[in-house]
Amino acid sequence: MLSFHKKRLFFRSFFIIFGLFLAINSYAASLSFSPATGSFTSGNVFKVSVNVDSENQAINSAEMTVAFPGDLLEVQSVSKTNSIFSFWVQGPSFSNTNGSIDFSGGLPTPGFNGSKGNLIDIIFKVKKSGQASLLFTPGAVRANDGLGTNVLNNIGQAIFTLGSGQQVPETLPENVKTPSSEGAPSGSV
């Protein structure tokens, strides 16, 4: 039979371990595209933002690849101007041949805690008709916990309907520059 002190120690230990288990498993972060859907015609240019929702857990870095169909879409530029990140291990780079955009960035303590934290903005040009999906491939969103815990829990995707037809010029937001105004894009074509 357990003494009162041993029972108390057992229950305290149980609740501490259970609490730590819940805390570790409650870490979560989501990645999303904005917009996540849309319809565009050949020749149109449009912006897609990559966002993070830290879901009440401070984060301080992320690294990932965004995959896109290079036969349907062409990256015109990738911008980090509005990013929550202030330093870049690997600045955003892209390959239209491989259909990929890679980046790895972060920010110092206390990190970011919130929803719709902008990571990068991508300017795409529609090459031809089809159904284009943007996907996140291997990556991580790391907690500002001193351990670099990957808290990525939910990964969104975007699906765009691309059609042919008369080209409708689309005006880019004022803070987005085209490659011709920024110089050569940082990536391969």
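The values are calculated or read from the model by the stated rules, or taken from the named source; none is laboratory data. Nothing here was measured: the structure is a model prediction, and the numbers come from that model. So basically every Cβ, Gly included, is an ideal-geometry build from the backbone, and we count neighbours across all protein chains shown. Note: areas computed on protein heavy atoms with side chains; ligands, DNA, RNA excluded. Shrake-Rupley method; radii C 1.70, N 1.55, O 1.52, S 1.80 Å.
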So how much accessible area does SER83 have, in Å² to the nearest 10, using a 1.4 Å probe?
20 Å²
Give me the accessible area of LEU31, 1.4 Å probe, in Å² rounded to the nearest 10.
10 Å²
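Dividing the Cα convex hull volume of the stretch 28-74 by residue count, how many Å³ per residue is that?
On the way: hull volume 4.5 nm³, N = 47.
Looking at the stretch 28-74, the number lands at 95 Å³ per residue.
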Accessible surface of THR97 in the full protein assembly, 1.4 angstrom probe, to the nearest 10 Å²?
110 Å²
For the stretch 27-131, max minus min Cα coordinate along each principal axis, in Å, sorted largest first?
44, 25, 21
Sequence of SER129, SER30, SER164 when ordered by accessible area, the most exposed leading, probe 1.4 angstrom:
SER164, SER129, SER30
Can you sort VAL75, VAL89 by solvent-accessible area, 1.4 Å probe, largest first?
VAL89, VAL75
To the nearest 0.05, what FRET efficiency results for THR149 and VAL89 with a Förster distance of 25 Å applied to their C-beta separation?
0.90
Hey, rough spin-label estimate for GLN131 and GLN157, points 7 angstrom out along Cα→Cβ, what's it come to in nanometres?
1.0 nm
For ALA28 paired with THR41, estimate the spin-label separation in nm (one decimal), with each label point 7 Å from Cα along the Cα-to-Cβ line.
4.2 nm
Under 1.5 on a/c is rounded, so check that first for the stretch 92-136, then, if it is not, pick prolate when a/b is larger than b/c and oblate when it is not; a ≥ b ≥ c are the square roots of the alpha carbon gyration tensor eigenvalues.
prolate
Between ASN98 and ASN113, what length comes free when the chain is fully extended (0.36 nm per residue of separation minus the Cα-Cα distance, one decimal in nm)?
2.1 nm
